[in-house]
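As structure tokens, the structure follows; a few thoughts come after it.
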Amino acid sequence: MTWVESGSRNFAARHEEDDTDDVSEVLELLEATRDQVSPAFARMPGTVHVVAHGSDLALGLAQPMVPVMRRLTSPAARRYVVGWNEHDTIHVLAPRLLEARMTNQQDSKQLGMLAPASLYAQIVVGFNSPQLPPPFTPRTFRNALRWSWLYFGAGQYLSGQTQQMRSPLIRRLREGSQPSFPPSRRDAPLLGGTVVDMIGLELGDDAVVKLVTDIPNNGPRAALLDLFDGLSYEEIEAGWRRHLQRMTAV
């Protein structure tokens with residue numbers, strides 16, 4: 001195995017030599033994501049490093065949280081847990097492995113290939129919010145647990161992953177019990193984006209950015225009531241379940 005380096009304006013990647021062309025496409029995706037989200041945030045990170053791992057084992061050794069998260073995540077979402085981030089580094093499976101992990105459904109493949117963009121969006125959020133990771137500190141880790149749907153959902157929404165969720169959402173809704181609102185930690189890596197998508201659709205991107213950069217101290221329930229002023233919690237939940245139905249419709 002020969003490791004090489006590739007780069008773009010704002011990203012530097014390490015990867016196996018055979019993955020050079022695919023990683024170049026990842027860097028283009030990340031540059032496009034940066035251009036798309038930068039107007040909404042006051043600060044942007046400098047050079048972000050990307051490590052494209054050539055096997056699940058290599059990824060797990062570099063980022064032990066990946067196999068842990070897979071075990072803690074609902075079965076419908078496990079195949080989409082393909083990376084992790086640090087303060088200025090994205091660890092993710094190489095594109096050929098991302099494609100191989102996905103189902104034959106086109107939206108599943110797109111969801112997987114957008115994973116680097118979602119991990120980068122989480123870095124942007126952490127760079128603008130002292131309350132959410134990365135970096136992972138005792139405070140930000142506690143908030144990531146308490147606000148797991150928002151932590152994962154922000155990356156999904158800002159990267160465009162929420163537009164590619166139909167197949168995995170259908171599977172999740174067919175399996176197990178009815179998901180809670182907001183989604184539990186177990187469901188957050190898949191369903192978190194559905195809540196943020198609803199907020200963006202109903203209230204606009206500015207509401208999403210304000211929420212992720214200035215998390216209220218009074219908790220998710222109170223925050224949702226403040227966002228959807230005039231609606232009861234039951235009405236907000238009913239609206240989310242209708243949104244799930246729309247996202248899974250043909």
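The values are calculated or read from the model by the stated rules, or taken from the named source; none is laboratory data. Keep in mind it's a predicted model, so treat the numbers as computed, not measured. Positions of Cβ are generated from backbone atoms using ideal geometry, with glycine treated the same way; all protein chains shown enter the neighbour counts. Quick note on the areas: whole protein, heavy atoms, side chains included, nothing else; ligands and nucleic acids left out. Shrake-Rupley method; radii C 1.70, N 1.55, O 1.52, S 1.80 Å.
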Query - Between segment 99-149 and segment 7-22, the Cα center-to-center distance that results, in Å - result: 20 Å
Requested in this report: Can you give me the P(r) profile for segment 85-125? Cα pairs, bins 5 angstrom wide beginning at 0, each as a whole percent.
Outcome: 5, 26, 28, 19, 14, 7, 1
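Magnitude of the Cβ-charge dipole of segment 27-113, K/R +1 and D/E -1, about the Cα centre, nearest 20 debye?
Details: 9 positive and 8 negative charges, 79 e Å.
Here segment 27-113 has a charge dipole of around 380 debye.
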Query raised in the report: When the chain is fully extended, how far beyond the present Cα-Cα distance does D21 get from T137, taking 0.36 nm per residue of separation?
Result: 38.2 nm
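Accessible area per residue, 1.4 Å probe, Å², for the chain: what's the number?
Value for the chain: 46 Å² per residue.
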**Report entry** Rough spin-label spacing in nm, given labels placed 7 Å along Cα→Cβ, for Q110 and E237
**Finding:** 3.2 nm
Report task. Using a 1.4 Å probe and counting only protein heavy atoms, arrange F136, F181 so the residue with the most accessible area comes first. Result -> F136, F181
Query - Point-charge dipole on Cβ atoms (K/R +1, D/E -1) for the chain, about Cα centre, debye to 20 - result: 1020 debye
Query raised in the report: How much of the accessible area of the chain, in percent, comes from carbon and sulfur atoms when a 1.4 Å probe is used?
Result: 50 percent
Query raised in the report: Once the principal axes of the Cα atoms of the chain are found, what is the range along each, listed largest first in whole angstroms?
Result: 58, 39, 31
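In the chain, once you exclude exposed trypsin sites (Lys or Arg not before Pro) (DSSP loop, at most 13 other Cβ within 10 angstrom), what's the longest stretch remaining? Mind dumping the intermediate values first?
Numbers: sites that count: R9, R43.
With trypsin sites (Lys or Arg not before Pro) excluded where exposed in loops, the chain gives 44-250 as its longest stretch.
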Report summary line: Projected onto the charge dipole of segment 50-189 (unit charges on the beta-carbon of Lys, Arg, Asp and Glu, signs +1, +1, -1, -1), the Cα from S148, S74, I90 with the largest positive-side position is that of S74
Requested in this report: For segment 90-152, list log₁₀ I(q)/I(0) at each q in 0.12, 0.21, 0.22 Å⁻¹, using the Debye formula over Cα point scatterers of equal strength and ignoring solvent, two decimals each.
Outcome: -0.38, -0.83, -0.86
Query raised in the report: Which of the GluC sites (Glu not before Pro) found in segment 138-247 are loop residues per DSSP with 10 or fewer other Cβ atoms within 10 Å of their Cβ?
Result: E175
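So between L145 and E5, what do we pick up on full extension, going 0.36 nm a residue minus the alpha carbon distance?
Details: separation 140, 0.36 × 140 = 50.40 nm, distance 3.42 nm.
This chain segment gains 47.0 nm when fully extended.
Counting alpha carbon pairs within less than 8 Å and at least 6 residues apart, what relative contact order, in whole percent, applies to the chain? Intermediate values should be presented prior to the final figure.
Working: 400 pairs, mean separation 40.7, N = 250.
It rounds to 16 percent for the chain.
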